[in-house]
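Worksheet: the structure to be examined is printed underneath.
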Amino acid sequence: MPLETPEWDEVTEWAREYLLDSTDPHAQLRRAGLPADFVADLPLTSVSSHNARALVYASRRTITGQVRLLRALVRDDRLRNLPDVTVAEKFLAQLERDAALHDAQDVFRTCVLRGGGEVFLDRDGLRETLRAFVADAHKSVLLVDGEPDSGRSYTYSLIRYVAQHRGFRPARIMLGPTTTATKVVRRLAAFVADPRAGAAPPVPTGLDDPLPALDEAVHWVVCQATGAEDLFWFVLDDCDRLDPGSDVWDLIGQLALAIYEHEPVRREQAPRLVLLGYGPAMRQLPHDLRHSLCVDRARPAGPADVRAFFDRYLREQPPPSLAGLAAGERDAALAGLVDVAVEEVLAAAGGNGAGVGSDGSGAGVGDGGAAQGGGGGAAGESYMRRLGTAVEGAVRVCQSL
């Protein structure tokens with residue numbers, strides 16, 4: 001499991017005291033074994049507390065960076081002679097286990113997220129589309145389409161998980177019928193702006209010509225994101241809930257084009273744009289973007305997808321109570337457990353009555369599925385949300401066996 005905020009506060013204090021108590025902090029960090037290019041990029045000043053926060057902030061972007069920082073600390077002779085070194089070594093061992101797990105797994109194929117607290121069902125196509133999108137710096141916009149309640153917003157769960165392992169920061173904004181371009185720009189600005197700088201985007205007012213002002217605000221946001229320490233992904237969710245006459249449609253086109261124009265200049269640092277619920281019948285994006293798009297279409301998970309999930313999950317992480325069984329007995333017990341889990345989950349989520357085909361195609365699930373209360377979910381919850389909640393509950397039961 002990753003270190004929590006109080007634990008990182010301890011690491012920050014150790015870094016201030018043992019790695020940055022120098023008039024030349026860059027040289028001291030290089031002597032501690034940190035890579036020269038990493039150290040050169042740190043915004044270090046004469047204030048050790050500020051430098052410690054900057055060092056920890058930069059190191060936390062990747063698991064490799066976290067391990068590297070803790071190793072530098074436990075090697076420090078002064079810390080090694082204090083009781084705190086035991087705590088530091090514990091943190092290092094924890095992070096090294098995380099790093100080993102990270103290296104051993106394909107994060108794009110992971111089906112259990114957040115230490116087992118969240119699941120991500122099916123979506124093989126999305127997983128590969130997302131892999132290609134991350135790998136290709138020339139792709140700047142990811143579009144996810146699908147029927148209502150098919151799991152388009154569910155995509156964000158996987159994006160957040162991949163972000164932890166691939167070093168980018170998703171910034172999501174939920175859209176709706178009353179959302180305006182000014183509100184979206186202000187939200188994006190809050191994500192990307194340095195609060196210490198006090199800068200604000202030139203958003204349009206009632207007295208301005210809104211389109212030129214909007215264009216300036218969009219370029220301001222993209223410039224801020226491109227120059228930031230984090231790599232941003234702007235995620236606009238529920239695009240299909242926008243009013244047809246909303247000025248957010250103009251904003252989306254201008255934002256996508258601004259990101260596209262920044263990509264050749266700062267390719268590795270330019271932000272990306274993810275549009276969830278953005279279908280082909282909606283406002284077309286600028287023609288220049290036609291080779292910069294990745295597209296996925298969501299569909300609801302069906303019984304076959306639930307069975308495939310439990311078959312894989314239980315074979316990869318069998319309950320401890322089955323560890324002592326012979327191979328044949330264990331396989332039979334796992335098969336029976338898969339059958340029970342699938343049956344219970346489908347019953348809790350509303351089963352085939354929610355409109356999911358018995359072949360697992362998910363055909364027919366949409367607003368009707370959301371309207372049916374179904375077992376185990378609050379009235380009005382979508383089928384996919386009920387299904388995800390039921391699977392997560394079953395995973396917790398399996399972990400306790």
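The values are calculated or read from the model by the stated rules, or taken from the named source; none is laboratory data. Keep in mind the model is a prediction, meaning the values are calculated, not measured. Methodologically, a virtual Cβ is constructed for each residue, glycine included, from the backbone with ideal geometry; neighbour enumeration extends over all protein chains shown. To get the accessible areas, we keep the full protein, side chains included, count just its heavy atoms, and leave off ligands, DNA and RNA. Shrake-Rupley method; radii C 1.70, N 1.55, O 1.52, S 1.80 Å.
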| Peptides 251-258, 62-69: what's the order by average Cβ count within 10 Å, highest mean first? | 251-258, 62-69
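Using 0.36 nm times the number of residues separating ASP311 and ALA333, minus their current alpha carbon distance, what extension gain do you get? Walk me through the numbers before you get to the answer.
Numbers: separation 22, 0.36 × 22 = 7.92 nm, distance 1.17 nm.
Going from the current span to full extension adds 6.7 nm.
Ranked highest first by average number of other Cβ atoms within 10 Å, how do 130-143, 166-179 line up? Each step should come with its number before you reach the end.
Details: 130-143: 18.1, 166-179: 16.4.
Per-residue Cβ counts within 10 Å, averaged per peptide and sorted highest first, yield 130-143, 166-179.
Provide the net charge surrounding CYS294, with neighbours chosen by a C-beta distance below 9 Å and charges set as Lys +1, Arg +1, Asp -1, Glu -1. Write down the numbers at each step before the final one.
Details: positive: LYS139; negative: ASP136, ASP296.
Taking every other residue near CYS294 into account, the sum is -1.
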| query | If the chain between HIS50 and GLN399 were fully stretched, how many nm would it gain, using 0.36 nm times the residue separation less the Cα-Cα distance? | reply | 121.4 nm
| note | Accessible-area order for PHE108, PHE38, largest to smallest, probe 1.4 angstrom, reads PHE38, PHE108
| remark: Quick calc: nm separation of the 7 Å Cα→Cβ label points for SER321 and ALA93 -> 3.0 nm
| How many nm is it between the label spots at ARG31 and HIS138, if each spot is 7 Å from the Cα in line with the beta carbon? | 4.7 nm
| query | How much length is gained on full extension from ALA228 to GLU261, taking 0.36 nm per residue of separation minus their Cα-Cα distance? | reply | 10.2 nm
| Given the protein chains as shown and a 1.4 Å probe, how many square angstrom of ARG299 are accessible, to the nearest 10? | 90 Å²
| remark: Long-range amide H partners of ARG169, meaning residues 5 or more apart or on another chain whose placed amide H is closer than 5 Å, are LEU231, PHE232, TRP233
